[in-house]
Amino acid sequence: GANTGPRDSPCPGNAYAPPGNPCGPYAVDHLFPHGVLVVWSLTPATTAPIESNTPGTPEIVGGRPATRQEAFPGVRGPAGGVETISVTVPDPNSQAQYRFTACLSGPDLARGRSEVNAVLASASFSAP
């Protein structure tokens, strides 16, 4: 993931860290003003089937159909995040899914959304 704020090393006291993983899914525990944290992950076919009925807004990411969800306040991620943008991109060649999660902090959420949209617009996936 990427974060626009400074980062401590190596993730001491991260409130989102599960046991045995000191950095957790987010390598930060606080977003600074105007911060954006982006995390890409891949859910393998063995752990989750394609969510064909995922609620949200349809869009295209990397040339593939995707579903976007926005939550206010942010439903996950570091303290200070006030909006969460989640995008699910099913892999058409397997039951795997790419998942994009962005946590944004204010007060300028429009700027953060613009940065998130730029990351999504630059995404590409390799052909099988």
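Values quoted throughout were computed directly from the atomic coordinates according to the rules given, and no laboratory measurement underlies them. Here the structure is a predicted model, which means the values were calculated and not measured. Here Cβ is always computed from backbone atoms with ideal geometry, including for glycine, and neighbour counts include all displayed protein chains.
Quick notes on this one:
- Near the amide H of Phe32, within less than 5 Å, lie the amide hydrogens of Gly5, all on another chain or at least 5 residues away, with H placed in the peptide plane.
- Modelled spin-label separation between Ala71 and Val119, with each label point placed 7 Å from Cα along the Cα-to-Cβ direction: 1.6 nm.
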